[in-house]
Amino acid sequence: MKKEKHVNIEKQTEFRNKVKETLKSLIFPVVLSTIILVGVFVVINYQNAPEEEEIIEIHAYAGDDKDIVLENDALKLTMDPSSTQFSVEVKSSHKIWYSNPEGSENDSAALAEEKNKLQSPLLLSYAVETGLETSFNAYAQSILNGIYEIEQGDDYIRVNYSLGNVEKEYVIPPVLTVDNYGKWTASMDAKDSDTVSQYYKKYDINKLGKKDNKEELLANYPALENEVLYILRSNTKENMRKKLQGIFESVGYTYDDYVADQEYDFSEKSSDKPIFNASIIYRLDGDDLVVEVPFNSLEYKKEYPIYTLTPLPYFGAGGKTDEGFMFVPEGGGSLINFNNGKTSQATYYANVYGWDMCLSRDAVVHNTRAYYGVYGIASGNDSFICILEDGRTYASVQADIAGKNHSYNFVNAIYSISQREQYDVGDIANSDVFKYVEKLPDESIVQRYSFISSGSYVDMAKDYGDYLKGKYGDYLKLNEDSNAPVAIEVVGAVDKVKQVVGVPVSRPLRLTTFRETNEIINTLYNEGLTNMSVKMLGWCNGGVRQQILKKIKINPQLGSKKDLRNLCDSANSLGVKLYLNGMTQYEFDSNIFDGFFSYTDAAKFISKERAKLMEYSRTTYSERDDLDPYYLLHTKVAEKMSDNLVAYAQGMNVGAAFENDGRDVSSDFYKKDPQSRESVSKRHEARFKSLDSTKVMINMGNDYAIPYVDFVTNMDLRGSEYTILDECVPFYQIAIHGYIDYTGRPINICGNAEDELLYSAEYGAGLSFSVMKESAFALQKTLYTEYYGSNFDSCHQSIVDIYNRYNKELGHTFNQEMVGHENITDTVSCTEYADGTKVYVNYGYNEYTDGNVTVPARDYKAVK
C-alpha cells in the first residue's frame, strides 16, 4: 500500500514538473506574441491617428504706397511697396540697378506667365510625391493677391511673401448668434432662408451630438459657453459661399457686420491648396547689398515641399538694346554677351561644387561643376558680382540670353531646397514615387552684390580678389616663389585582378617603388625642377583606389616603411615638398577585415539606404554593372580617415594630399547624425583651417578651401566650352594668382598636351606631370589606361624641356598678382602681371604679330 502511494506521489510530482516545464516553454512565445500584438496595436493606432493639419499663416499687406528707402553713404535702395520691386543707386557712379527689368510687363516677346516671372523678386517651385514640379512666382501668386507684408528696421527691409492660390474672402457671417440669425433670415424669402439653414449648423454646448468635440468647439468659438450659435459649415464650397454672399448682401449685410461676426470665430483656417511662406531680407553693408532668405521663414505643407528657390532672378538683367555681358563660373570663368543670337542653344547651367554624391541617380550624361560661387553682369561702364556666401552648396548658376522666352539677358542662382530621392515602385505603381527630406536645416541663403564702376571682367575679378583677402586676412598672403611651381604625380601602385588558386583577387600592381620615386625626384631636381611638389599616389592600402584608411598599411610591393621614410627625408633635404595622397570620403573594395562595416560606416541616402555608388558608362551613360560599387563614407567616419592620413603624413614629416576633400562635397542623411551639404562644407573648411602646421594639397580648389591649403592640382582652367559661351577668361585666377600655387591637369596624360600647356600659360598656372617607372604594358588588363603616358623613361626629357622653358619665361610671375587679361582675337590672349610682364598665348595655327611682338602658332611668349 505504501509502495503504491509512493508511486502515485512520484507520478504526481512528475506531472507537476512537466506542467511547469511546459509553462516555462510557453513563457517566451507568449511574451513575444504579446509584444508583437502591442506593437501592431500601437502602429495601427499611430498610423490611423489623425495628423495635425499644417496651418500656413497668410501674410497681408497693410501699408501705404509710399516708397521704402534704405540708405548709407555708398548705396540707396528704394522699394515700391505695391510690387516689392526695388532699385539700388550706386552713389559714386550714379548707376541704378533694378531688381526687375523696367517695362517687362509690356514685353511683346513674353507670354503672360513669363511676364509674371519678370516682375517677381522671388521664384519657387514645389513638387509632389510623383515628382511633378510646379512653378510659382511672387508677382502672380503673392503681390497681385496682396498676400505679403513689408517690415522695415533700422538697417534692413524684410519682405514676407505668401505664395499660393488662396481662397477668396466672401462677406458672409462665419458665426451668428441666435438673435442675429433670426434677424437676417427673417428678411429673406423662404427659398433663401432655407438655403442658409442648410449651410449653418446650430450648436448648443449642452446638446452636442456624439461626433461633436466639445473642447475643440469651445476653443474655436468661446462664446458657445454662454449662448447658442449658428456656425458656417467648414466644407461649404466656393460657389456656394458666393451664392450665400449674394443672399446676405440682398438683405443689407455689410462688411462691418462681417467684421463684427468674425469676433466670434477663433478657428484657424486651412486649405488643401498649396500655399507657401518665404521671406527676403535686404541689408546694405558698406558698398554691398546683402540679400538673405532664412530657411526658418520657409513654410509649406509636407505634401507640397519647396523644391527650388530663386531670389532676385532678374536683378540687373539687360535688354535687347543694352550692351554688356553675363559672367558665369565655368572653369576659370566665362562670358555670355548680351543678345549674342544663340537662341537655339541650351540655357547655361552649372552646379556649384558639382553633384551631391548622397543623392542617388541612375545615369550620368555630363557632370556640371563650378568650384566657386560667383556670377555677375556688366552693363556699359558698370558691373556687379554676386557672391554666394551662405547656402551655395545648394546652388546652381543659370544664365540665358534675350530672344527665347522674353527680351532680357539674365543670370541667377537657383537653390535646391528639399532634396529628393526616387523610389523604384514599378511593381505597384505606374508613376515614379519620390521621397523628400523631412526637415530643413537651420541655415540661410545669403547673396552679396558688390558693385563696380567698370564694365571690365578684370576689375570684377579684382573686386572678388579684394573680397577674399578681406574675408581671410593673413591666410591669403603673396607667396615667395621665384620659380614656376611644378607638381609631379608619382603613381606607386594600382589594383589589378589576379588569379589566386583559381580565384580572381584584387592585388596591388607595383608601378613605382619608393626608391625609384626618390631617384626620379633627384633626377628632376638636378635638371632644374627645384620648385617641385610631389604627390605620391597608390602608396598604401591597395593602390590608387584605396581601401578605407582606418588603418594605414604601406603597400609592401613598393618597399618598407623605412624606404618610405628615407624617401620623405631625402625630399625634405632637397626642399622638395612631398605629399602622401589619400581618399578620405570613399571606400573601395573594403570589408570588415579592413575595418569597414557598411551599415555603420557608409553615409545614408534620403531613403536611409546605404550610399552605395556606381561607375557610369561614357557611352550609354548608365550604371556599369561590370565594375564593383563603392560607398560614400559617413561624414564623421570620413573625418576620421582624414585625421588618420594627416597623422601619418605628420609622422613622416611631409604633407597630406586629399583626393576628394576640397573638391567633393556631399550631404549625409544618417538618421542619428544627419549632415546637410552646407554643414559638411563648413566642416571641411574648419578642418583645413586647423591644419596650419601641415602642408596640404587638394584637387580642383573649391573656394572655401583655397585660403588654407598650399597647393591645388587638377584645377579646371577652361571648363566645358558650351556653345552659348562667348569667351573664356581667367576670372578666378586673377583673384587668387600669387597667393596660392595651382596647376591644371597633368600635361603628359591629359589628352591634349599642347592645349593644356597653353591654358597654363594663359591662366598663370604651374605645370603638372604624371610619372611611373613601369612601362605602359604593365597596365594592360587594368582599369588605369589613363596612365599609359606616364612612363618616366619615355616622358622624362619632355618634362625637363617643357618646364625649363616655361620657368625661364614665366617663373618670375608666380609671386605677383595678375592685373590684366584680354582676348585679343578668337585665338590669341594676353595676360598681364604686376611687374608689367605680358604673356601672349596663340591657340591658332598661324603666327600672330602685334607690333614688335610675334607669337608662333600654337605657342606662348612672355614679354617684359
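7 Å from Cα along Cα→Cβ at both residue 794 and residue 624: what's the point-to-point distance in nm?
2.0
May I ask you to rank 600, 635 by accessible area, largest first, using a 1.4 Å probe over the protein chains only?
These residues rank, largest area first, as 600, 635.
First compute the accessible area of the chain with a 1.4 Å probe, then give the percent of it belonging to carbon and sulfur atoms.
Ligands and nucleic acids excluded, carbon and sulfur give 48 percent.
Could you put 69, 486 in order of accessible surface area, largest first, with the 1.4 Å probe and the full protein assembly present?
69, 486
Given [x] 30.4; [y] 28.9; [z] 31.9 as candidate values of Kirkwood radius over Cα pairs in Å, which corresponds to the one derived from the coordinates?
So the calculated entry is the one marked [z].
Treating cross-link reach as a plain straight distance, find the lysines whose alpha-carbon is under 23 Å from the alpha-carbon of residue 211, omitting any fewer than eight places away in the same chain.
201, 202, 237, 269
Any idea of the accessible area per residue across the chain, 1.4 Å probe, to the nearest Å²?
On a per-residue basis, 47 Å².
Only Lys, Arg, Asp and Glu count, each charged at its Cβ (+1, +1, -1, -1), so figure out the dipole size of the range 172-324 about its Cα centre, rounded to 20 debye.
940
So how much slack lies between residue 225 and residue 720, counting 0.36 nm per residue of separation and subtracting their Cα-Cα distance, in nm?
So the extension gain works out to 171.0 nm.
Going Cα to Cα from residue 76, which lysines come in below 19 Å? Please leave out same-chain ones fewer than 8 positions away.
66, 91, 95
Among 514, 738, 713, whose Cα projects farthest towards the positive end of the dipole of the chain, with charges put on the beta-carbon of Lys, Arg (+1) and Asp, Glu (-1)?
Going by the charge dipole, the pick is 514.
Is it possible to state the helix-based mean residue ellipticity at 222 nm for the chain, with each DSSP H run of 4+ residues giving -39500 (n - 2.57), the sum divided by total residues, to the nearest 500 deg cm²/dmol? What is it?
One gets -8000 deg cm²/dmol as the mean residue ellipticity at 222 nm.
Percent antiparallel among DSSP beta bridges with both residues in the range 602-700, to the nearest 5?
The answer is about 65 percent antiparallel.
Protein chains only, probe 1.4 Å: how do 159, 178, 501, 251 rank by accessible area, largest first?
From most accessible down to least: 501, 178, 251, 159.
Order the peptides 302-313, 575-586, 835-846, 195-206 from the highest to the lowest mean number of other Cβ atoms within 10 Å of their residues.
The most tightly packed comes first, giving 575-586, 302-313, 835-846, 195-206.
Of 176, 217, 258, which is farthest towards the positive pole of the chain's charge dipole, taken about the Cα centre with +1 and -1 on the beta-carbons of Lys, Arg and Asp, Glu respectively?
My answer, from the dipole projection, is 217.
Only helices at least 30 Å long along their own axis, judged from Cα atoms, and with Kyte-Doolittle mean hydropathy of 0.0 or greater: name those in the chain from DSSP H.
Membrane-span-like by this rule: 2-48.
Which residues does a label at residue 60 reach in the range 172-207, if reach means a backbone N under 14 Å from a point 7 Å past the Cα toward the Cβ?
It comes to 172, 174, nothing else.
Which Cα, out of 311, 787, 816, lies furthest along the positive dipole direction of the chain (beta carbon charges, K/R +1, D/E -1)?
787
Charges at C-beta only: +1 for Lys and Arg, -1 for Asp and Glu. How large is the resulting dipole of the chain about its Cα centre, in Debye rounded to 20?
That gives a dipole near 4480 debye.
State the Cα centre-to-centre distance between the range 842-864 and the range 434-474 in whole Å.
What the calculation gives is 36 Å, centre to centre.
In straight Cα distance, which lysines are under 19 Å from residue 498, not counting same-chain residues fewer than 8 positions off?
Qualifying lysines at Cα under 19 Å: 781.
The values are calculated or read from the model by the stated rules, or taken from the named source; none is laboratory data. Everything quoted here is computed from the prediction, not taken from an experiment. Glycine gets a Cβ as well: all are built from the backbone with ideal geometry, and neighbour counts include every protein chain shown. Note: accessible area is taken over every heavy atom of the protein model, side chains too, but ligands, DNA and RNA are not part of it. Shrake-Rupley method; radii C 1.70, N 1.55, O 1.52, S 1.80 Å.
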